[in-house]
Each structure stands twice: as C-alpha cells, then as structure tokens.
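The values are calculated or read from the model by the stated rules, or taken from the named source; none is laboratory data. As the structure is a prediction and not an experimental result, all values here were calculated from the model. Here the Cβ is made from the backbone with ideal geometry for all residues, glycine too, and neighbour counts use every protein chain on show. Note: accessible area is taken over every heavy atom of the protein model, side chains too, but ligands, DNA and RNA are not part of it. Shrake-Rupley method; radii C 1.70, N 1.55, O 1.52, S 1.80 Å.
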Amino acid sequence: MVLTHKYILMDDQANSGEEKKGKMKLYSYWRSSCAHRVRIALSLKGLEYEYIPVNLLKGEQSDPDFKKINPMGTVPALIDGDVVISDSLAIIMYLDEKYPEPPLLPPDLHKRAVNFQAASIVLSGIQPHQNLGVIKFIEEKINSEEKTAWVTNAITKGFTALEKLLLSCAGKHATGDEVYLADLFLAPQIYGAINRFQINMEPYPTLAKCYESYKDLPAFQNAAPEKQPDAPASTS
Amino acid sequence: MKLYSYWRSSCAHRVRIALSLKGLEYEYIPVNLLKGEQSDPDFKKINPMGTVPALVDGDVVISDSLAIIMYLDEKYPEPPLLPPDLHKRAVNFQAASIVLSGIQPHQNLGVIKFIEEKINSEEKTAWVTNAITKGFTALEKLLVSCAGKHATGDEVYLADLFLAPQIYGAINRFQINMEPYPTLAKCYESYKDLPAFQNAAPEKQPDAPASTS
C-alpha cells in the first residue's frame, strides 16, 4: 500500500511540468578542483542544483551507495533527471550543450582550440600530478620533500605552458573578454596552486591577471571551496 | 597541414586516427621525444609548448591531442567524431578524459623516468600498471552498457580515438592482460579492420624503427 502511494506521488510530480522535475544534483567535495570547475559552470549558467557532499579524505567516494549512483566512484558527478555524468570535462560540455547560455566556447575556431588546449593542460598536465592518490604515494614511497618538488614541478611546467599559450590572447579573461572553458579550468587550478601549494604567481603575469579578473564575478565567488556547504568552519 | 609527431606517442596516435578517418592529407614531421627534440629551439619557434603532437594548418598552430581533434572535427565535420545524442556525447568526453587525465599522464616518459630513478624499476612498473588498471576498470564500467560495434555505438567516435592508442600501449609496452576488460578488448578488436586505425598505428609511421615494422 505504501509503495503504491509513493508511485502515485511520483507520477504527479512527473506530470506537473518542468519546474517540478527535480533539481539537478551535484556530488561534490569542497576542495576538489574538478568539482570546483563544474560549480563555476553551473553558477555561470544560473542553474540550480542540490549540493551533495562526498568526503574524499574519508573515502566516501568508495561507499557502495555512492557507487550505485556513479559506478565510477569519482567526484564530481552530475545527476540530471535520468542522466548520470561524471568527469568535469564531460559534465561541462554536457551543460554547455543542454543549457547554451552563456556559451562556454567562443565562436572563433582557433580560440575554441586554445580553450580546449588550456583545459587539457590543466586536466592532463597538472591536476593528475597533484591529486590525493599520487601525492600520498610519493610521500610514502620517498618522502615529503620529493612530494612537494613533484607537485611544484608539475604546476611550474603547466603554468609555463599556459602562460605561453594565453599570452597573445589579450582580453579581460583567458581567451577574450568573455568567460570561457579555459577560465573554468584556470580558476580552480590557480586557487589550489596558491592556497594549497604556495606557488608564487610572479613568473606568470597573464595567469595572475586572469585570476584577478575572476574576483568580481559572482559565479566564480559562489563556486569557491570555502563557500561550499561541506567546507570546514575554519576556512570561511 | 603538417603534423609534428612521434611514432610511439599515444597522443600523436590519437590525432593520426582522426586525420585518417577524415581523409585529410598531411605532412608527417617526426620529433624524436627520446632524443629530446621537442626542446629544440626550431621546434619551439613553431610550437612554444614544445609538445607533440602539434598541428600546423595554414597560420594556425595547435598542440594537445584533444584540442587538435576538436578543431579538426569542427573544421572538417565529416565523419563527425561526436554522436548526436547528448548523453552519448558526454560518455565520449568522459572516456577521453579518463585516458587523458587518469591514465596517460601516469605513464608518460617524464613520470616513469622519475619513479625509476628515485625509487626503482619495480615501483615504476607497479605505478603504471596501477594507473592503467584503475583507468581500464573505470572505462569498462562506463562503456559496458553502450552496446555497439565500437565504444559508444556502431560508428567510430571520440572515445575510440582515445581508447585505441591507450590499449595499444597497454598491451605492447606494458604487457597488460585485457581479460578483465572484455568490453575494451572487443572495442580494440573492432578497430583491426579499419584502415584509419591501421594507418595510424605506431609501427606504420615514417619514424618507426625498422625493427618494429
């Protein structure tokens, strides 16, 4: 009897229009730079969502309940109706195609390529070398100094490449006067570099200028790690 | 068009498949990564990133395999490298991302040299094997419900361009056993009869050592 009642309720919800379809859900960790990218995208596009925290330090991404929803066991993961997508690049591209305003890629083909390249440098060249699993491994197998040197080296190489890439793209933000894909990947990366790894931004004036340009943008501010529901009280 | 490539670079391999699929002619310019030729001043003048692959299309220079492939797909749309369905497009990006960020960075030359030098050869092997295992396990889960001839359907899409070189490397360079990954193994088989994939294979490239052909 209870089950039938529940199904009737759900039918009502389904039939009462788009607004009652249920908000999107984002499985996120406050300090995950990958989740941070997606939060900026959602905020930029004015999309409401339910924030569901997954504590990576406690290994909650391996919980069977979470894995039922997202077999990948990774954060971020987005639930939009029946669709479950994980991976920040996949989620952002999905959001940009389903909710096209404002667009996250510029009209010019070459500038689009620069955006993908910037995203890729962060995605494949920097972030993989600073994620929890990797730095724990290096710290345990070698020592803490090597771990620091490892991360610093990855960030330095990546930031040097990004500085070269974006130098000629004069504009308010990374690739022009509008916020695009590159900015969504840059902001969390630079945030982490400064706050977690004490990287000096002086050798990277273009990147530093981009980072400054996000300070007055609500979409970026709202997405900041310390503003998230699961951020420890001491960080706000 | 010019492609700066290294025969065994899995990143260059992805781009070679894309170019071949779209029937695009290009001049192959080898850059020997083992000899550090990517750091040559002349190469850096063309591509300040100093990375391979790099594509030169008229005035445009693009490096990074994802950026190049997306550029090619938009400039030369046939055949399309992304399916029409939004969710399937997401699966393609996710598969590409798992390879791009989850596996390949942990097996590139710089990383494995570091681990071998700072620790030892066994740890290096364990490191790469672990990265590939985690990534392949994720890919197997991701693609298991996408029944079709290839990774995400009956047509070749972005995911296939990233899968093929990754699996090639896993089998040939790192002796990974594909038995735990039947979906991936089936995908890999599906590329065997496709000229675009065969032409792009490392051993078929102009700079492949004679002993590999």
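Some notes on this structure:
- For the pair segment B:1-64 / segment A:126-180, the C-alpha centres are spaced 23 Å from each other.
- Taking a sphere under 12 Å around the Cβ of B:Glu123 and counting the other residues whose Cβ falls inside, with K and R at +1 and D and E at -1, yields a net charge of -1.
- Rounded to 5, percent antiparallel among DSSP beta bridges of chain B: 65 percent
- Dividing the mean sequence gap of close Cα pairs (under 8 Å, 6+ apart) by how many residues chain B holds gives a relative contact order of 25 percent.
- Residues with amide H under 5 Å from that of A:Ser28, placed H, sequence gap 5 or more: A:Ile52, A:Val54
- With an a/c value of 1.5 or above and a/b not larger than b/c for the gyration tensor axes a ≥ b ≥ c computed over the alpha-carbon atoms, chain B is described as oblate.
- Once Rg and the Kirkwood radius are both taken over the C-alpha atoms of segment B:86-197, their ratio Rg/Rh works out to 1.00.
- Of all DSSP beta bridges in the protein assembly as shown, antiparallel share, percent nearest 5: 65 percent
- On the protein assembly as shown, 53 percent of the accessible area sits on carbon and sulfur atoms, based on a 1.4 Å probe.
- Principal-axis tilt of helix A:181-195 within chain A, Cα atoms, nearest 10 degrees: 70 degrees
- Spin-label pair A:Ile69-A:Gln221: with each label point 7 Å from Cα along the Cα-Cβ axis, the two points sit 2.9 nm from one another.
- Additional length obtainable on full extension of the chain from A:Glu202 to A:Glu48, 0.36 nm per residue less Cα span: 51.8 nm
- Taking every DSSP helix (H) stretch of at least 4 residues in chain A, weighting each as -39,500 (n - 2.57) and dividing the sum by the residue count yields a mean residue ellipticity at 222 nm of -15500 deg cm²/dmol.
- Cβ-derived FRET efficiency at R0 30 Å, A:Lys98 paired with B:Glu140, nearest 0.05: 0.65
- Rounded to the nearest 20, the size of the Cβ-charge dipole of segment B:55-156 about its Cα centre is 380 debye, with Lys and Arg at +1 and Asp and Glu at -1.
- Loop-resident GluC sites (Glu not before Pro) (DSSP state other than H, G, I, E or B) in segment B:112-213 with no more than 16 further Cβ atoms inside 10 Å of their Cβ: B:Glu155.
- The Kirkwood radius of the protein assembly as shown, taken over pairs of alpha-carbon atoms, gives through the Stokes-Einstein law at 10 °C and 1.306 mPa s a diffusion coefficient of 70 µm² s⁻¹.
- Heavy-atom accessible surface of segment B:2-79, averaged per residue, reaches 41 Å², computed with a 1.4 Å probe.
- With a simple spin-label model that places each label point 7 Å from the Cα along the Cα-to-Cβ direction, the separation between B:Asn108 and B:Ala210 comes to 3.2 nm.
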